[in-house]
Amino acid sequence: MGKKSRKATRQKESSAPHVAAAAPGDTASESRPPSTECWICLDGDPDDEGKSIVRDCSCRGDDAGFAHLSCLVSYADRKTRDLIESGKGDLLEPWVECPHCRQNYQRQVALDMAKSLLSFIDKNYPGPGSGLRKLEGFVMIIKAIFVIDYRIHPELIEEGKRAASQMISAIQ
C-alpha cells in the first residue's frame, strides 16, 4: 500500500502535530507548521518508521521543501536509476541537494542522506569496484559531521572515525 493511499485510510490519532525528537544538529523539524505535508507522498504524518517530516535546505514557506527522510531516499534512488539509464546528469545530485531550491542538504539530513547513499551503493554496486563509488558517500558523512559540529555532539566522533576508516579501506 503506497503512502498516498495510506493517508486516505489512516485515522488521525490526535489533532496535534507529531514532532520527532531532534537528532544532533537537527533543527529541520523544530519549526514545522502544523499543516505541512511531505512534497513527495503528500502525507503530513510520520512515515512508516515513525519519523516526522524534515526540511534542511533553503526552501522557505509553510509548504516548501518538507519531506520524510524515507521519501527523500526513495526519490534519490529513483532519480539515480533514471540518470544511470539516460546516461546524463550527476548521479550524486539527488543524494546531495534539494531538487527545489538546489541547496545542498544540511546537518542531520545531509548525514542521513550520505548514509543512505552508501546503502544504495552496497545494494546496487557490490564487489571490489564499489570502493571509488563509496568515497563520495564517506566524504559526505564526514562533511555533515563537521557541519553538525562534533565538538558539541561528541557521539559523532566515533561515527566520523568509522567513516574515515572505511574511506581508507575503500581506496586500498
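Which condition number in (1) surrounded by 19 or more Cβ atoms within 10 Å (Cβ to Cβ); (2) under 14 Å from residue 73 (Cβ atoms) is the one that residue 122 fails?
Every condition holds for residue 122 apart from (1).
One residue is enough: does the stretch 84-101 have a residue meeting the conditions out of contact with any Phe, Trp or Tyr (no Cβ under 9 Å at 6 or more places or on another chain), farther than 30 Å from residue 157 by Cβ and in contact (Cβ under 8 Å) with a residue 12 or more places away in the chain?
Within the stretch 84-101, one or more residues are out of contact with any Phe, Trp or Tyr (no Cβ under 9 Å at 6 or more places or on another chain), farther than 30 Å from residue 157 by Cβ and in contact (Cβ under 8 Å) with a residue 12 or more places away in the chain.
Within the stretch 28-87, can you find the residues that are touching a His at 6+ places or on another chain (Cβ under 7 Å) and surrounded by 21 or more Cβ atoms within 10 Å (Cβ to Cβ)?
If the condition is that a residue be touching a His at 6+ places or on another chain (Cβ under 7 Å) and surrounded by 21 or more Cβ atoms within 10 Å (Cβ to Cβ), then 38, 41, 52, 53, 65 are the ones that fit.
Got a sec? Which helices (runs of 4 or more DSSP H) wholly within the stretch 49-167 have at least 1 residues that are of a type outside the set (D, E, K, R) and farther than 18 Å from residue 39 by Cα? Reasoning before the result, please.
Details: elements: 69-86, 93-96, 107-124, 131-148.
Output list reads 69-86, 107-124, 131-148.
How many residues are over 20 Å from residue 84 (Cβ atoms), of a type in the set (D, E, K, R) and modelled with pLDDT of 80 or more if we restrict to the stretch 99-157?
Going through the stretch 99-157, the residues over 20 Å from residue 84 (Cβ atoms) turn out to be 100-112, 115, 138-139, 141-157.
Those left that are additionally of a type in the set (D, E, K, R): 102, 107, 112, 115, 143, 149, 151, 155.
Now restrict to residues that are modelled with pLDDT of 80 or more: 102, 107, 112, 115, 143, 155.
Residues flagged as over 20 Å from residue 84 (Cβ atoms), of a type in the set (D, E, K, R) and modelled with pLDDT of 80 or more within the stretch 99-157 amount to 6.
In the stretch 61-83, what count of residues is obtained for those that are out of contact with any Leu (no Cβ under 8 Å at 6 or more places or on another chain) and in contact (Cβ under 8 Å) with a residue 24 or more places away in the chain? Steps first, please.
Residues of the stretch 61-83 that are out of contact with any Leu (no Cβ under 8 Å at 6 or more places or on another chain), as a first pass: 61-75, 77-79, 81-82.
From the residues that got through so far, the ones that are in contact (Cβ under 8 Å) with a residue 24 or more places away in the chain too are 62-69, 71-75, 77.
Going through the stretch 61-83 one residue at a time, the tally reaches 14.
The values are calculated or read from the model by the stated rules, or taken from the named source; none is laboratory data. Keep in mind it's a predicted model, so treat the numbers as computed, not measured. Here the Cβ is made from the backbone with ideal geometry for all residues, glycine too, and neighbour counts use every protein chain on show.
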